[in-house]
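One structure is given below, encoded as C-alpha cells.
None of the figures in this text is laboratory data; all of them are computed from the coordinates on show. Note that the coordinates shown come from a computational prediction; the quantities given were computed from them, not determined experimentally. Cβ coordinates were reconstructed from backbone atoms using ideal geometry, including for glycine residues, and neighbour counts include every protein chain displayed.
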Amino acid sequence: MKKKDDSGKYAGFGVNDFICDEFFQDWTLRPNPESEAWWQQWKQEHPDKHGELEQAGDLLTHIGFKEHWPSEGKTRQSLAASLARIAEDEDRMRIEGAGDDYSEKEEKNIGRRMIWMRPKRRVLAASSLIGILILAGILVYQKQDHQMANHATEYGTMKYVYLPDSSKVVLNGHSAVQYAKSWKEGAPRKLWLEGEAFFDVRHPAPVAGEANSYGSFLVYTKDLMVEVLGTEFNVRERRGRTEVVLASGKIRIHFLHGEQTDMLMKPGDKITYDPQQELITRQAIIPEYYISWKDKKLTNATGRQIVEYVEDNYGKKVILEDTSMASRQFGGDVLLDNFDDALFALSTVMNVQIIQKNDTLIFRPR
C-alpha cells in the first residue's frame with residue numbers, strides 16, 4: 001500500500017507514465033478498497049491530473065488484442081517477407097555508403113545474405129517495428145468513439161439503460177451514470193453515479209475454468225463504493241448524503257474517505273451515509289417503499305419524502321405551510337406519470353391546494 005509521502009512523484013506524470021506504473025495498473029485493473037481510497041484522495045489533491053488519469057485508465061481498460069493464430073506456413077511466409085524487407089533496407093544503406101565500390105556481383109548475393117543479418121540489427125529493426133505498431137494502435141484507439149458511455153436525465157424524466165453484461169439500470173430524474181462501453185471477461189464492471197438509480201444486476205454466467213464470465217460489479221458515488229455480485233438495489237446520492245437500499249441479494253459498502261469499516265448489507269437494509277457529519281445509519285425497511293419510483297409512483301411515502309422527490313427530480317422548491325405534514329405518512333400509491341399528473345395526485349392524497357409560483361410550489365392545507 002502506498003503511503004502519503006509517495007504521492008509527490010505522480011504530480012509530474014503524464015499518460016504514458018501512469019500506464020507504466022504498477023500501482024496505477026493494479027488500481028485500474030484490480031481495484032480494492034485501499035487503492036481506491038488512496039487514488040480518490042490523490043485525485044482530490046491534484047484536480048489538474050483528472051484528464052490524464054482518465055485517459056490512461058481508458059487505455060489500460062480497453063486496449064486488447066484478439067488472438068488469431070495463423071498456420072505454420074503463413075507464419076514462415078510472413079517472417080521471410082519481413083526479413084527480406086529489412087535486408088533490402090540494410091543493403092540499400094550499405095550500397096549508398098559504398099559509392100563506386102559497389103559491384104554487380106554483390107547485388108546478386110543480396111538474396112543469399114538477407115537472412116544473415118547481425119542479431120543486434122535484427123533486434124533493433126524488430127523493436128522499431130513493434131514501436132510503430134503500438135503507436136498506430138494507440139492512435140486508432142484514440143480516434144474510435146467507444147471509450148465511455150454517458151447517460152443523463154433531465155428534471156422530470158426517467159431512462160432505462162442496458163449495460164454491456166445485460167444488467168439494467170433505471171435512471172431517475174436529474175441523474176447521470178458513466179461506464180465503459182465494453183467490459184472484458186473477468187475484469188471488474190465499474191460505473192459512476194450521480195443522482196439516483198435502481199440496479200438490476202445480471203449474475204455472471206459460469207465459464208469453464210473461471211468462477212464467472214465477468215468480475216465484480218462496482219458502483220461508485222462521491223463518497224462510497226457498492227460492491228455487487230448479483231442483486232437488485234437502489235443508490236441515491238442527494239443532498240450531501242448517499243443512501244443505499246438492498247432489495248435482494250448481497251452487497252458490500254466500501255467507504256472511500258475516512259476510516260469507516262466496510263458494511264455487508266442484507267435484503268431489507270437501508271444504509272445512509274452523511275460524510276459531513278461522518279454519520280452512518282442502518283435501518284430495516286420495506287424496499288418497495290424506496291424503489292417504487294422506478295414504476296413511476298411513490299408508495300407509502302412521508303410528506304418529507306414527497307417534498308424531497310419533487311425537489312430532486314422536478315427541480316422545484318416546495319413549501320409546506322403545515323410543517324407537521326413532513327412527518328405524516330400517506331398510504332397507498334401516488335402516480336408520477338408526468339409532472340401535472342403528479343401534482344393532481346399529490347393534491348388529492350395529501351388533501352392540499354398546490355399553488356405554483358415560477359419554480360416554487362406551495363402546499364396549502366384545504
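Quick look at the numbers
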item	result
Rounded Å value of the spacing that divides the Cα centres of the range 323-366 and the range 232-246	23 Å
Cα gyration tensor shape of the range 278-324, rounded if a/c is under 1.5, else prolate or oblate by comparing a/b with b/c	oblate
Among 297-304, 171-178, 327-334, the order from most to least packed when residues are scored by Cβ within 10 Å on average	171-178, 297-304, 327-334
Three-way shape call for the range 148-288 based on the alpha-carbon gyration tensor, with the a/c threshold at 1.5	oblate
Qualifying GluC sites (Glu not before Pro) in the range 271-366, DSSP loop, other Cβ atoms within 10 Å at most 12	278, 321
Taking the C-alpha atoms of the range 4-62, convex hull volume expressed per residue in Å³	72 Å³
Given 159/357; 270/297; 266/316; 43/168; 184/296, the pairs whose alpha carbons are separated by over 31 Å	266/316; 184/296
Residue-span extension gain [residue 184 to residue 339] - 0.36 nm each, minus C-alpha spacing	51.8 nm
Part-to-part distance (alpha-carbon centres) for the range 260-301 and the range 162-192, which is given in Å	21 Å
Cα-only Debye scattering, the range 296-365: base-10 log of I(q)/I(0) at q = 0.24, 0.25 Å⁻¹	-1.14, -1.26
Extension gain (nm, one decimal) between residue 168 and residue 17, 0.36 nm per residue minus Cα-Cα	50.8 nm
